[in-house]
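Beneath this line is the structure, given in structure tokens, with notes to follow.
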Amino acid sequence: MTIERPWLKQYKPGVPAEVGKLPHDSVAEVLVNSCKKHHDKVAYVNFGKSITYQELDDYSQQFAAYLQSKFNTGDSIAIMMPNVLQYPIVVQAILRAGMVVTNVNPLYTPRELKHQLNDANAKAIIVIENTACTLAEVINETNIEQVITTTIGEMIGGIKGAIMDFMIKRVKKMVPPFSLPGAVKFKATLKAGQSLPYTPVKRSLDDIAFLQYTGGTTGVSKGAMLTNRNMVSNVTQTHLWISNEITSGQEVVITALPLYHIFALTANCLTFSQYGAKNILITNPRDMPGFVKELSQHKFTVITGVNTLFNGLLNTPGFADLDFSSLKFTLGGGMAVQKGTATRWKEVTGVTLAEAYGLTETCPAACMNPIPMEAYNGTIGLPISSTDCQIQDDDGNPLPVGQPGELCIRGPQVMLGYLNRPEETAKTIVDGWLKTGDVAVMDERGYFKIVDRKKNMILVSGFNVYPNEIEDAACLHDEIIECAAIGIPDEKSGEIVKLFVVRKSDTLNERDVIEHCKANLTGYKVPKIVEFRDELPKSNVGKILHKDLRDS
């Protein structure tokens, strides 16, 4: 079936419609080549400690040698840590050893952790001590053969690292007691690897590189099987999209989203490594004052994040006073970028907040606005090179321009499928199209706009109401920091809209919010109930969890 591609006319000069032959055969090759090419450049910075691409290469080879002495090619190795220097070393090492990376959210409960480790059949895990107690509860119910522990200060080293770990463990009490007999320290594995042989492993494009688990908000998490072809394709697609705006060896990238999340993993860790960029790792972005202080120390050129992160920065004292003269572009994804946030971001930084779209199942990039972006347009942009998008109805039929339906994606970045779940895979990938579960529309130029998640839709008197639209309108109010809309049962209309609001001050009341919404929304979309909260439930990357609000 042929598909119309109106978006191709909107491509910037130099951006090809198709990727063509991939430049690398594996993700490991991407990373190792980057280290060789940019060996003298700083690769990562965390709490003031930096490592060069050469050091990254050396450390990763040492850890790869250690892994090869204990495990086999193709084995799954889990990583459970935040943004610290150990993370990029470990990822590169696992791939260089010919093994599969299984990223684990450090905030997982014991039940969630046990499920993922067993589903992935992980043989080893590298875990930050802060969350090692969770692992200790379930370790005997998994196939884990080796535990490697680390601390936030371990790679910082010296007196500074020791003081950090002392404060974290003894003063702030951020490391609950745990017992993991047989566990080894990360630096001990590096030392051991120095005297062990390392054997380069040739992996094919069709081999699995990552078992990247979905959040599991609608059930148990599922492992998306991301092959080398998927990941290298997406890195190449992103490279083609932004390369005209990037200067090799001169970029400073702010990495606040966790690297174990697919957005930061592909965009910050993999794509920008090709340019020899300096990645500033933010271990705890929820500490907004500390985050702003860290930003003040760098002439950063790129920052990626989600709407809640950008909104949080804009509402943190001192952010507006930073030097944004080097900032080239800001990329938002993971959730809808709201107009109010985008408008304020442009006013404060002078740079447009460009929205992109993707899923774990697409590695993640599928659509992106042209970079640089002149003005916020409320869309997720255009399908990137070698990517087709189509709006389909519930029966899989394509819908015309301007009519909302399910966004479906086809391209080389679409996952192989879900591990151990052929039925789920068959429901998600139909006739080569990945069904995203997102309701979207396409305009005449080929730009796509997300309306909302199908599962979040509210049905008011037979009318479809989408939380994104309500939240976008509500957040235009100067006194609203953030908000979330859900549907609750109603005898007359089936459902009515309830809005949860985080406000700047107590002077804002329910009537003010409703009147503001009446001025910006059709009557049946206006919230009938407003509940003020100090904060909203969020996922590990800052997505507002509507499900938790519905269950509360």
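The values are calculated or read from the model by the stated rules, or taken from the named source; none is laboratory data. Since the structure is predicted, the reported quantities are computational estimates derived from the model, not experimental observations. Virtual Cβ from ideal backbone geometry, glycine too; neighbours counted across all protein chains shown. What goes into the accessible areas is simple: the full protein's heavy atoms, side chains included, and nothing from ligands, DNA or RNA. Shrake-Rupley method; radii C 1.70, N 1.55, O 1.52, S 1.80 Å.
Key figures
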read-out: Per-pair calculated FRET efficiency, R0 = 41 Å: L107 and S461 via Cβ, rounded to 0.05; value: 0.60
read-out: DSSP-loop trypsin sites (Lys or Arg not before Pro) across region 119-179, with at most 14 other Cβ within 10 angstrom; value: K172, K173
read-out: Whole-number accessible area per residue in Å² for the chain, which is evaluated in the context of all protein chains at 1.4 Å; value: 41 Å²
read-out: Between region 449-518 and region 280-304, the alpha-carbon center distance in angstrom; value: 31 Å
read-out: For region 384-495, Kirkwood radius (reciprocal of mean inverse C-alpha pair distance, Å); value: 16.1 Å
read-out: Within the chain, longest stretch free of exposed GluC sites (Glu not before Pro) [DSSP loop, at most 12 other beta carbons within 10 Å]; value: 19-373
read-out: Relative contact order %, the chain, counting alpha carbon pairs below 8 Å whose residues are six or more apart; value: 12 percent
read-out: Amide H partners (placed H, <5 Å) of K538, local residues excluded; value: L545
read-out: Selection of trypsin sites (Lys or Arg not before Pro), region 467-508, meeting DSSP coil and at most 11 other Cβ within 10 Å; value: K492
read-out: Sequence of M368, M225, M457 when ordered by accessible area, the most exposed leading, probe 1.4 angstrom; value: M457, M225, M368
read-out: Three semi-axes of the equivalent ellipsoid, region 417-552, Cα gyration tensor, whole Å, largest first; value: 30, 18, 16
read-out: Charge sum, other residues only, whose C-beta stays under 11 Å from N468's C-beta, Lys/Arg counted +1 and Asp/Glu -1; value: -2
read-out: Distance from region 161-235 to region 80-125 (C-alpha centre basis), Å; value: 4 Å
read-out: At most 10 other Cβ within 10 Å, DSSP loop - trypsin sites (Lys or Arg not before Pro), region 398-437; value: none
read-out: Rule-of-thumb Rg ratio for region 1-46 [Cα; 2.2 N^0.38 Å; N residues]; value: 1.82
read-out: Whether region 500-543 is rounded, prolate or oblate, judged on the alpha carbon gyration tensor where a/c under 1.5 counts as rounded; value: oblate
read-out: Dipole magnitude of region 343-447, debye to nearest 20 (Cβ charges: Lys/Arg +1, Asp/Glu -1, about Cα centre); value: 360 debye
read-out: Gyration tensor (Cα) of region 216-346, equivalent ellipsoid semi-axes in angstrom; value: 25, 20, 14
read-out: Placed amide H near Y44: partners under 5 Å, 5+ positions off or other chain; value: I51, N279
read-out: Backbone HN-Hα couplings from phi across region 170-184 [Karplus 6.51/-1.76/1.60, Hz, Gly and Pro as x]; value: 8, 8, 7, 6, 9, 10, x, x, 8, 10, 10, x, x, 5, 10
read-out: Ellipsoid semi-axes in whole angstrom, largest first, where each is sqrt(5λ) of the Cα gyration tensor of the chain; value: 37, 27, 24
read-out: P(r) tail fraction, region 26-85 - alpha-carbon pairs more than 17 Å apart, %; value: 51 percent
read-out: Linear extension gain, K504 paired with E245, 0.36 nm per residue minus alpha-carbon span; value: 89.5 nm
read-out: Kirkwood-Stokes translational diffusion coefficient of region 56-130, alpha-carbon pairs, 4 °C, 1.567 mPa s, µm²/s; value: 104 µm²/s
read-out: Under the Karplus curve 6.51 cos²θ - 1.76 cosθ + 1.60, θ = phi - 60°, whole-Hz ³J(HN,Hα) for region 416-424, x wherever Gly or Pro sits; value: 5, x, 8, 4, 6, 9, x, 5, 5
read-out: Stokes-Einstein D (µm²/s) once Rh is taken as the Kirkwood radius of region 309-383 over alpha-carbon pairs, at 25 °C in 0.890 mPa s; value: 191 µm²/s
read-out: Cα convex hull volume per residue for region 1-137 (Å³); value: 205 Å³
read-out: Proportion of all alpha-carbon pairs of region 288-444 beyond 28 Å (%); value: 32 percent
read-out: The chain - percent of accessible surface contributed by carbon and sulfur, probe 1.4 Å; value: 50 percent
read-out: Rounded tilt (10° steps) of 53-68 against the dominant C-alpha axis of the chain; value: 70 degrees
read-out: For region 251-258, Karplus couplings with θ = phi - 60° (6.51, -1.76, 1.60), whole Hz, Gly/Pro x; value: 8, 10, 10, 8, 10, 9, 5, x
read-out: The chain - mean residue ellipticity at 222 nm from DSSP helices (-39,500 (n - 2.57) per run, n ≥ 4, rounded to 500); value: -7500 deg cm²/dmol
read-out: All aspartates and glutamates inside 20 Å of K185 as judged from Cα atoms, apart from same-chain residues fewer than 8 positions distant; value: E55, D57, D58, E129, E137, E145, E154, D165
read-out: Net charge, T352 excluded, C-beta distance under 15 Å - Lys, Arg +1, Asp, Glu -1; value: +1
